[in-house]
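Beneath this line is the structure, given in structure tokens, with notes to follow.
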Amino acid sequence: MARGQQSEQKRIDREEPELIERLVGINRVAKVVKGGRRFGFAALVIVGDGKGKVGYGHGKAKEVPEAIKKATDQAKRKMIHVPLREGRTLHHDVHGKDGAGKVFLRSAPPGKGIIAGGPMRAVFEALGVQDVVAKAIGSNNPYSMVNATFAALENMQSPRNIASRRNKKVGEIVSNREEQAISGIVEDDA
């Protein structure tokens, strides 16, 4: 292989996988100085790979494209891994809180879709979740909603993780979940 081909191959290998970017919001912000106001822009961006990794970032600059670029770079640095059940939904119900923003996230059966509003929908699309039911209570500020959603997703645990911590088999953990779901259905019918 020639020297030029080797460097080209290394460059291709280093490129990150295709990421999904969602712009959640752009705000015009002002800084008051002696001569008046200086205007800039703040951007909130969600970045994910569609396979369980997602991050968010916030950037400010004088121009919109530069603010989006800063936010995207920060989101790529702050990505977290979230375990997904069957690659399409959450393992269990979870809630998160940030300031006045509270969110409740519930796993959903196949075909349900993403039932979530605004900023939360962008997070789930970038994460690769196809079926989820989410409810935001309290603040509808996009920053609070995104922070609360990430607080909830950081609390998500897979059955494999729980089984290793309890020195049990994954089958025992999953069977307990199924038994509780069945007993919950029976109690609701009574």
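The values are calculated or read from the model by the stated rules, or taken from the named source; none is laboratory data. For clarity, every value in this text was computed on a predicted model and none was experimentally measured. No Cβ is skipped: glycine too gets one built from the backbone with ideal geometry, and neighbour counts run over all protein chains shown.
Numbers for the structure displayed
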read-out: Glu178 modelled with pLDDT of 70 or more and in a helix (DSSP H, G or I); value: no
read-out: Residue list for segment 99-120, restricted to those being on the phi > 0 side of the Ramachandran plot and not in a loop (DSSP other than H, G, I, E, B); value: Gly118
read-out: Set Lys53, Lys62: member being out of contact with any helix residue (DSSP H, G or I) (no Cβ under 6 Å at 6 or more places or on another chain), of a type in the set (D, E, K, R) and crowded, with 17+ Cβ neighbours inside 10 Å; value: Lys53
read-out: Among the candidates Val123, Val129, Val133, residue that is assigned to a loop (DSSP other than H, G, I, E, B), at pLDDT 75 or above and among the β-branched types (Val, Ile, Thr); value: Val129
read-out: Test for Ala67: is it surrounded by 12 or more Cβ atoms within 10 Å (Cβ to Cβ) and either in contact (Cβ under 8 Å) with a residue 40 or more places away in the chain or among the hydroxyl-bearing types (Ser, Thr, Tyr) (or both); value: yes
read-out: Yes/no for Leu153 being under 29 Å from Ser175 (Cβ atoms), more than 10 Å from the chain's Cα centre (by Cα) and among the aliphatic types (A, V, I, L, M); value: no
read-out: Single residue of Gly48, Gly40 found to be farther than 24 Å from Val129 by Cα, surrounded by 16 or more Cβ atoms within 10 Å (Cβ to Cβ) and of a type outside the set (A, V, I, L, M, F, W, C); value: Gly40
read-out: Residue that is farther than 22 Å from Val45 by Cα, in contact (Cβ under 8 Å) with a residue 24 or more places away in the chain, of a type in the set (A, V, I, L, M) and in contact with a strand residue (DSSP E or B) (Cβ under 9 Å, 6 or more places away or on another chain), where the choices are Val103, Val129, Val94, Val82; value: Val94
read-out: Residue tally, condition in contact with a Lys or Arg (Cβ under 8 Å, 6 or more places away or on another chain) and at positive phi, over segment 44-98; value: 1
